[in-house]
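The values are calculated or read from the model by the stated rules, or taken from the named source; none is laboratory data. The structure displayed is predicted, hence computed values, not measured ones. Glycine also receives a Cβ, built like all others from the backbone with ideal geometry; neighbour counts cover every protein chain displayed.
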């Protein structure tokens, strides 16, 4: 086919008409013809992938889209918390984010909860830790004391089905956290996206670690989880996060 440089629209119309024809091809794939950097490129696209997606493939796409939405919902400190969590496992922070959200969204569409850290303050009487979620839910905080016997002990992924770098459509692993103390937020509300934990300063010391988990009130499948945070009033807190250690 000779390309008319002065009239590329006519050429593209002719190419598009040929794209729609699959008669006579053994594989019956569409031929995608387009112009890129002055060159005419032809590619063959599998019709089953583009126009007849399997339910499993569509669920994977929807789950990844949900992960992207949660990633945009997070602040820089939340991303750093995921990086801090990744230093305690064999995955990078993106894999940790996927382990928390993707597989759950795959099996329970619309039930994953995005959690974002707002602030951590301290008074003489108590610690105040605030979070916000993009779904109505109840939050629980797991504390890991640096002086306790279980500080990061056994903090790893169990070797069950899990996500490996470079692979897709595999399930998440189970994590052994061994918290020193677990505490649900006070005054739960069924229609609540702003959450606050209040607990005494003797329960946890500064720079202790904690993880927050979300649970549905009426739906047990509604879940969410954060990275590893440090209990500190530093602003921003992640300046002293022991990343890479």
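Looking at 135, 68 in this structure, which one is part of a helix (DSSP H, G or I) and either modelled with pLDDT under 90 or out of contact with any strand residue (DSSP E or B) (no Cβ under 7 Å at 6 or more places or on another chain) (or both)?
The match here is 68.
In segment 217-229, which residues are more than 15 Å from residue 82 (Cα to Cα) and modelled with pLDDT of 85 or more?
Across segment 217-229, the qualifying residues are 221, 222, 223.
In segment 84-94, what residues are in a helix (DSSP H, G or I) and crowded, with 19+ Cβ neighbours inside 10 Å?
Within segment 84-94, 84, 85, 86, 93 qualify.
Residue check, residue 70 against (1) under 9 Å from the mean Cα position of the chain (by Cα); (2) surrounded by fewer than 19 Cβ atoms within 10 Å (Cβ to Cβ); (3) touching a residue at least 40 places away in the same chain (Cβ under 8 Å), all met but one. Which one?
(2)
Can you tell me which residue among 147, 123 is over 14 Å from the mean Cα position of the chain (by Cα), modelled with pLDDT of 80 or more, under 19 Å from residue 209 (Cα atoms) and exposed (fewer than 13 other Cβ atoms within 10 Å of the Cβ)?
One residue alone meets the criteria, 123.
Could you please let me know if residue 140 is at pLDDT 85 or above and either in contact with a strand residue (DSSP E or B) (Cβ under 7 Å, 6 or more places away or on another chain) or assigned to a strand (DSSP E or B) (or both)?
Taking the combined requirement at face value, the residue satisfies it.
I'd like to check something: does segment 45-55 contain any residue that is at pLDDT 80 or above and in a helix (DSSP H, G or I)?
Checked against the condition, which is being at pLDDT 80 or above and in a helix (DSSP H, G or I), segment 45-55 yields at least one hit.
With the requirement that a residue be in contact with a strand residue (DSSP E or B) (Cβ under 8 Å, 6 or more places away or on another chain) and either assigned to a loop (DSSP other than H, G, I, E, B) or over 30 Å from residue 102 (Cα atoms) (or both), what does segment 207-223 give you?
Filtering segment 207-223 down to residues in contact with a strand residue (DSSP E or B) (Cβ under 8 Å, 6 or more places away or on another chain) leaves 207-217, 222-223.
Answer for segment 207-223, where residues must be in contact with a strand residue (DSSP E or B) (Cβ under 8 Å, 6 or more places away or on another chain) and either assigned to a loop (DSSP other than H, G, I, E, B) or over 30 Å from residue 102 (Cα atoms) (or both): 207, 208, 216, 217, 222.
Mind listing just one residue for me: the one in segment 230-242 that is surrounded by fewer than 13 Cβ atoms within 10 Å (Cβ to Cβ) and not in a helix (DSSP H, G or I) and, of those, modelled with the lowest pLDDT?
Applying the filter and picking the extreme gives 242.
Against the conditions (1) over 30 Å from residue 239 (Cα atoms); (2) at pLDDT below 70; (3) in the same structural domain as residue 110 (by TED's automatic domain parsing), where does residue 90 fall short? Just the number, please.
With respect to (1) over 30 Å from residue 239 (Cα atoms); (2) at pLDDT below 70; (3) in the same structural domain as residue 110 (by TED's automatic domain parsing), residue 90 is out only on (1).
Of everything in segment 113-123 that's touching a residue at least 12 places away in the same chain (Cβ under 8 Å) and assigned to a loop (DSSP other than H, G, I, E, B), which residue is nearest to residue 232 (Cα to Cα)?
114
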